[in-house]
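Everything below concerns the one structure shown next.
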Amino acid sequence: ARAMTGRVSVGDAAPEFELLAGGFQQVKLSDYEGKKLVLAFFPCCFSGAVDDGCQCQLESLKTLTDAGVSVLGVSRDQPFTQKAWMDKIGNPSLLTLSDFNLDVSEEYVGTFNFGAFLDGLGVSKGLTGYLTSNRGTIAINEEGKIVYKWIALDDAGKSHPGFLPDIEEVKKALGV
């Protein structure tokens, strides 16, 4: 189950990464050294009903950006798509990063077969095999340690993008 939900755990030092943001800005974890940071992993931008959850996830994190916590959204989408999606959300404090090869997602929150999930719901046909990140939230303190980790799992322990993190738990873990 650990590979399914990423390799990092609470208490670990957050592994360095470098990803492209919408607008082709290079962003590294080390850019946020000494700051509180939340990584909000979501399956993909502009995904219909699931998109509402992604948008709600990032909008709910506005209480964190208002408290001075940096928030980075992470998905498999290309930077072009992420820029358009962030323009749609309209919170300039939120930045989304392209994890196109899913390496960072696999490290932090794991991946799941989003295509099979959508095919199973009857939303699509033939998308099985399309992998995305799990919906998940990672909170990193000023010392670079992971202080909170949440993955959207159903009662059977399977990835389910329809759940959202408890923002009060994230705030408590970060002391805000």
Subject >> Solvent-accessible heavy-atom area per residue, rounded to whole Å², over the chain at 1.4 Å >> reply: 46 Å²
Original post:
At q = 0.09, 0.18, 0.19 Å⁻¹, what base-10 log of I(q)/I(0) does the Debye formula yield for the chain when every alpha carbon is treated as an equal point scatterer in vacuo?
Top reply: -0.27, -1.17, -1.32
Subject >> Using θ = phi - 60° and Karplus 6.51 cos²θ - 1.76 cosθ + 1.60, couplings along segment 15-27 (whole Hz; Gly, Pro as x) >> reply: x, 4, 8, 9, 9, 8, 8, x, x, 6, 8, 6, 10
Original post:
If you take the charge dipole of segment 111-165 about its Cα centre, with +1 on Lys and Arg Cβ and -1 on Asp and Glu Cβ, which of G126, L153, A139 is farthest toward its positive end?
Top reply: G126
**OP:** Could you tally up the Lys pairs in segment 69-176 with alpha carbons closer than 19 Å? Skip any pair fewer than 8 positions apart unless they're on separate chains.
**Re:** 5
Original post:
At a 1.4 Å probe radius, carbon and sulfur cover how many percent of the accessible area of segment 94-161?
Top reply: 54 percent
Original post:
Peptides 159-165, 63-69: what's the order by average Cβ count within 10 Å, highest mean first?
Top reply: 159-165, 63-69
Subject >> Heavy-atom accessible area ranking, 1.4 Å probe, most first, across F80, F100, F117, F17 >> reply: F80, F100, F117, F17
Subject >> Choice from A13, A152, A40 with maximal GNM fluctuation in the chain (Cα, 10 Å cutoff) >> reply: A13
**OP:** Using a cut-off of 10 Å between beta-carbons, work out the net charge of the residues near E106 (Lys and Arg +1, Asp and Glu -1, E106 not included).
**Re:** -2
Original post:
Where the only charges are on Cβ atoms (+1 Lys, Arg; -1 Asp, Glu), what is the dipole of segment 79-176 about its Cα centre, to the nearest 20 debye?
Top reply: 240 debye
Original post:
Magnitude of the Cβ-charge dipole of the chain, K/R +1 and D/E -1, about the Cα centre, nearest 20 debye?
Top reply: 100 debye
Original post:
Rank E143, E16 by accessible area, highest first, at a 1.4 Å probe radius?
Top reply: E143, E16
Subject >> Contact order normalised by residue count of the chain, Cα under 8 Å, 6+ apart, percent >> reply: 28 percent
**OP:** Show that you can apply the helix-only estimate: for the chain, add -39,500 (n - 2.57) for every DSSP H stretch of four or more residues, divide by all residues, and state [θ] at 222 nm to the nearest 500.
**Re:** -8000 deg cm²/dmol
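The values are calculated or read from the model by the stated rules, or taken from the named source; none is laboratory data. These numbers come from a predicted model, not from an experiment. Using ideal geometry, Cβ is built from the backbone for each residue, glycine included, and neighbour counts are taken over all protein chains shown. Areas reflect the complete protein model, heavy atoms only, side chains present, ligands, DNA and RNA absent. Shrake-Rupley method; radii C 1.70, N 1.55, O 1.52, S 1.80 Å.
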